[in-house]
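Chemist: Got a structure for you, written out below as structure tokens; questions coming shortly.
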Amino acid sequence: MPVINRVADLQPDIQAWRRDLHQHPELMYDVHRTAAFVADRLREFGCDEVATGLGRTGVVGVIKGRKPAGTGDVKVIGLRADMDALPIEEETSLPYASKTPGKMHACGHDGHTAMLLGAARYLAETRNFAGDAVVIFQPAEEGGAGAAAMLRDGLMDRFGIEQVYGMHNGPGLPVGSFAIRTGPVMAAMDAIDIRIEGVGGHAARPHKCIDSVLAGAQLVTALQSIVSRTVDPLESAVISICEFHAGNARNVIPQVAELKGTVRTLTPEVRELVEKRVREVVAGVAQMTGAKIDLVYERGYPVVVNHAPQTAAATQVARDVAGDANVHEMPPMMGAEDFAYMLEARPGAFIFCGNGDSAGLHHPAYNFNDEAIVYGTSYWIKLVENTLAA
Ligand code: NI
């Protein structure tokens, strides 16, 4: 069974919403125009309830099916899209490129929002299911944990959500295909901030100094030994120190060096282990060099873990939409997603929808592929109709 015909009819509208959103990117929790756009559409479609202000600027729509309650276990299903853009200067030259300098939809959240709106319109028209479809539009996926903010505002209990599903576009994955896996699918993301205070002085008199640059260099190297020599080679971990700031003169040993980095892991056990070892390595380098080293190790998004029964159901829906040959089992990715918080709260699954041969996510030349709309939207609709079958 291919994409839904009615969705093909709706495609021009969904594409127009997508391009409107693309022209008006907003960051983090400040997605006021986008949230108002979403809430207006949901009211137009005749959703039974439209709630705003969850997680500051999140929007929720409830659509009640018209089929009588059946014997199915699940009565309420949540579908989630993200609304926020990124602080990137767009370089696409598209006629509908961002109108806001320094901001762009470089992760396709414009497409995610538009596809879920398209599904909401169809579901409100047809209501061919038993129970409630809850469409969730969250702010601040890009580093602000908007999903967690919506959960704190009672998202799951207030609407009685029993299962929750998410979708992201996948550059490099052909349009009309999906990728998914059971278990860990995206990584936990923790942040490392290190401040090294040595003793500054003349470059020619290092014995009178404690060199913060050398301590930092040793730290960068030693931290990599955690990945190569502490973590089981069959497990996954990434430590990337991506900022190293020190000094401003050729002949001065700087007093202070600052390092910033990110840690990615796929299981709670490895996450614990890496944090413990980072703390030990920092303490060890401090002792070895005599520098005073302050570490702030901040836990960010948890691992995105797909639940087995819901992943199997989602996979079958994707096969129905795209054909068996076009639904792939993917390896885990070391990127992070705050949908992880929702999957900690309720069972569900996160799937990737092919974006074709586009630029990568977070690249200034990236664009969501409007040809993917019919597949993503059909997936959402069938997921509701299958899960809430009478
Ligand atoms: Ni994204």
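Chemist: What value does segment 111-208 have for Rg/Rh, both radii from Cα atoms and Rh as Kirkwood defines it?
Modeler: Here Rg/Rh amounts to 1.25.
Chemist: Suppose accessible area is computed on protein heavy atoms with a 1.4 Å probe; arrange 307, 112 from highest to lowest.
Modeler: 307, 112
Chemist: Which of the peptides 345-351, 54-60 is most tightly packed, and how do the rest follow, going by the mean number of other Cβ atoms within 10 Å of each residue?
Modeler: Top to bottom by mean Cβ count within 10 Å: 54-60, 345-351.
Chemist: Where does helix 5-23 land angle-wise versus the long Cα axis of the chain, in degrees 0 to 90, nearest 10?
Modeler: It works out to around 40 degrees.
Chemist: Hey, with R₀ at 51 Å, roughly what FRET efficiency would residue 64 and residue 204 work out to, going by the Cβ-Cβ distance, to 0.05?
Modeler: 0.05
Chemist: Please give the solvent-accessible surface of residue 33 in Å², to the nearest 10, using a probe radius of 1.4 Å with every protein chain present.
Modeler: Here the accessible area works out near 90 Å².
Chemist: Here's a follow-up. What dipole magnitude, in Debye to the nearest 20, does the chain give about its Cα centre under +1 on Lys/Arg Cβ and -1 on Asp/Glu Cβ?
Modeler: My answer is approximately 400 debye.
Chemist: Moving on. Can you give me the convex hull volume of the Cα atoms of segment 188-299, divided per residue and expressed in Å³?
Modeler: About 85 Å³ per residue, rounded to a whole number.
Chemist: Which percent of the accessible heavy-atom area of segment 188-299 goes to carbon and sulfur, probe 1.4 angstrom?
Modeler: 53
Chemist: Let me ask something else about it. Compute the convex hull volume of the Cα atoms of segment 316-390, divide it by the residue count, and report the result per residue in Å³ as a whole number.
Modeler: 122
Chemist: Further question: Please turn the phi angles of segment 183-193 into ³J(HN,Hα) values with the Karplus equation 6.51 cos²θ - 1.76 cosθ + 1.60 (θ = phi - 60°), one per residue in order, whole Hz, x for glycine and proline.
Modeler: The phi angles translate into x, x, 10, 9, 8, 6, 10, 10, 10, 10, 10 Hz.
Chemist: Taking each pair of different alpha-carbon atoms in segment 279-365 once, compute 1/r for the pair, average those values, and report the inverse of that mean as the Kirkwood hydrodynamic radius in Å to one decimal.
Modeler: Averaging 1/r across every pair of different Cα atoms and inverting gives 16.9 Å.
Chemist: In 10 Å bins starting at zero, report the fraction of Cα pairs in segment 52-162 per bin as a rounded %.
Modeler: Once binned at 10 Å, the Cα pair distances of segment 52-162 give 14, 37, 30, 15, 4, 0.
Chemist: Now for a separate question. How much of residue 150 can a 1.4 Å solvent probe reach, expressed as accessible area in Å² and rounded to 10?
Modeler: 0
Chemist: Loop only by DSSP, 13 or fewer other Cβ within 10 Å of the Cβ. Give me the GluC sites (Glu not before Pro) in segment 294-347 that pass, ordered by residue number.
Modeler: Those that pass, being in a loop and sparsely packed, number zero.
Chemist: May I ask what percent, to the nearest 5, of DSSP beta bridges between residues of the chain are antiparallel?
Modeler: 65
Chemist: What fraction of the Cα pairs in the chain, stated in percent, has a spacing above 28 angstrom?
Modeler: Result: 50 percent of Cα pairs exceed 28 Å.
Chemist: Measure off 7 Å from each Cα along the Cα-to-Cβ vector at residue 125 and residue 297, then give the distance between these two points in nanometres to one decimal.
Modeler: A separation of 5.3 nm, rounded to one decimal place.
Chemist: Which whole-angstrom value gives the distance between the alpha carbon centres of segment 318-341 and segment 104-120?
Modeler: Spelled out, the Cα-based centre of one part sits 17 Å from the other.
The values are calculated or read from the model by the stated rules, or taken from the named source; none is laboratory data. Values in this document were obtained by computation on a predicted structure and should not be read as measured data. Cβ: placed from backbone, ideal geometry, glycine included. Neighbour counts: every protein chain shown. With ligands, DNA and RNA removed, areas are computed over all heavy atoms of the protein, side chains included. Shrake-Rupley method; radii C 1.70, N 1.55, O 1.52, S 1.80 Å.
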